[in-house]
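Enquirer: Okay, here's the structure, questions in a sec.
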Amino acid sequence: METTLLFFSQLNMCESKEKTFFKLIHGSGKEETSKEAKIRAKEKRNRLSLLVQKLEFHEDTHSSRSGHLAKETRVSPEEAVKWGESFEKLLSHRDGLEVFTRFLKTEFSEENIEFWIACEDFKKSKEPQQIHLKAKAIYEKFIQTDAPQEVNLDFHTKEVITKSIAQPTLHCFDAAQSRVYQLMEQDSYTRFLKSDIYLDLIEGRPKRPTNLRRRSRSFTFNEFQDVKSDVAIWL
């Protein structure tokens with residue numbers, strides 16, 4: 001919060017100096033054309049947007065790291081070794097799921113595990129309204145073209161889901177979830193077992209700092225009123 005206040009205080013000072021300079025230019029008889037003014041305004045907006053994004057990145061990274069360290073559960077090497085037996089054992093363990101998600105973030109592919117988690121939660125839905133709202137949310141978040149966290153699916157699978165989304169069933173994402181599961185198991189899981197994140201765990205070494213991109217908004221269903229969700233047990 002202090003960083004944000006300091007940033008906007010400095011921004012106001014810059015704006016004040018720009019206004020003074022602008023007045024001096026006009027006072028000397030030099031006038032900007034309408035086109036030049038628009039270009040200056042656009043450049044200013046772009047600079048402001050970039051500065052705000054950098055500030056948010058700094059604050060989000062700091063808060064997420066602090067929060068993670070506060071709630072981190074220490075995993076024994078013996079437990080971590082079991083995750084290497086199968087991909088299913090890894091995902092069935094709460095800490096295993098968390099560590100694997102952290103690994104996917106280093107590869108910029110966390111949308112795969114978030115989609116899988118969302119599908120697991122979706123299949124527990126009982127009320128028709130829950131099924132409809134969650135199916136629509138999953139489709140818009142992960143399936144449709146240019147979705148914010150679009151997963152890699154073949155055209156046929158996406159087409160089948162698109163046609164069924166108007167009247168979804170609890171099994172409308174089964175094929176897509178299976179496809180993403182296989183991709184993670186055959187590709188990401190193999191690299192995970194060779195990663196420093198996993199090797200440090202099975203050898204009992206302290207956790208190393210990890211360079212992550214800005215965390216994407218995790219998929220939850222809390223944005224829907226009156227729709228209950230069990231997704232919290234997976235996070």
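Enquirer: Could you pull out the pairs from 163/194; 89/126; 89/123; 82/134; 124/163; 82/126 whose alpha carbons sit more than 31 Å apart here?
Expert: Numbers: 163/194 40 Å; 89/126 27 Å; 89/123 20 Å; 82/134 33 Å; 124/163 22 Å; 82/126 33 Å.
Correct reply: 163/194; 82/134; 82/126.
Enquirer: Got a sec to turn the phi values of the stretch 144-150 into Karplus ³J(HN,Hα) couplings, 6.51 cos²θ - 1.76 cosθ + 1.60 with θ = phi - 60°, whole Hz, x for Gly and Pro?
Expert: 4, 4, 6, 5, x, 10, 4
Enquirer: Enumerate by residue number the chymotrypsin sites (Phe, Trp or Tyr not before Pro) in the stretch 107-156 meeting two conditions: DSSP loop (anything except H, G, I, E, B), and at most 13 other Cβ atoms within 10 Å of the site's Cβ.
Expert: Values: sites: 108, 115, 116, 122, 139, 142, 155; in loops: 108.
Loop-located and lightly packed - 108.
Enquirer: If you don't mind, there's one more thing I want to ask. Could I have the simple spin-label model distance between residue 203 and residue 183, label points 7 Å from Cα toward Cβ, reported in nm to one decimal?
Expert: 3.1
Enquirer: Let me ask something additional. So for the stretch 77-203, taking the charge dipole from beta-carbon charges (+1 Lys/Arg, -1 Asp/Glu), which of 83, 109, 164 sits furthest toward the positive end?
Expert: 164
Enquirer: Which value, in Å³ per residue, describes the convex hull spanned by the Cα atoms of the stretch 77-203?
Expert: 96
Enquirer: Hand me the GluC sites (Glu not before Pro) from the stretch 126-204 located in a DSSP loop with no more than 11 other Cβ atoms within 10 Å, in residue order please.
Expert: On the way: sites: 140, 150, 159, 185, 203; in loops: 150, 203.
Of the GluC sites (Glu not before Pro), the ones in loops of the stretch 126-204 whose Cβ has at most 11 other Cβ atoms within 10 Å are 203.
Enquirer: Expected output is a single nm value to one decimal: the length gained when fully extending between residue 85 and residue 194, i.e. 0.36 nm times separation in residues minus the C-alpha distance. What is it?
Expert: Working: separation 109, 0.36 × 109 = 39.24 nm, distance 1.34 nm.
Here the answer is 37.9 nm.
Enquirer: If 191, 74 are ordered by their accessible area, calculated over protein heavy atoms with a 1.4 Å probe, which sequence runs from highest to lowest?
Expert: Working: 191 90, 74 200 Å².
The ordering from most to least exposed comes out as 74, 191.
The values are calculated or read from the model by the stated rules, or taken from the named source; none is laboratory data. Just so it is clear, the model here is predicted, and its values are computed rather than measured. Every residue, glycine among them, receives a Cβ derived from its backbone with ideal geometry; neighbour counts consider all protein chains shown. These accessible areas exclude ligands, DNA and RNA; they are computed on the full protein's heavy atoms, side chains included. Shrake-Rupley method; radii C 1.70, N 1.55, O 1.52, S 1.80 Å.
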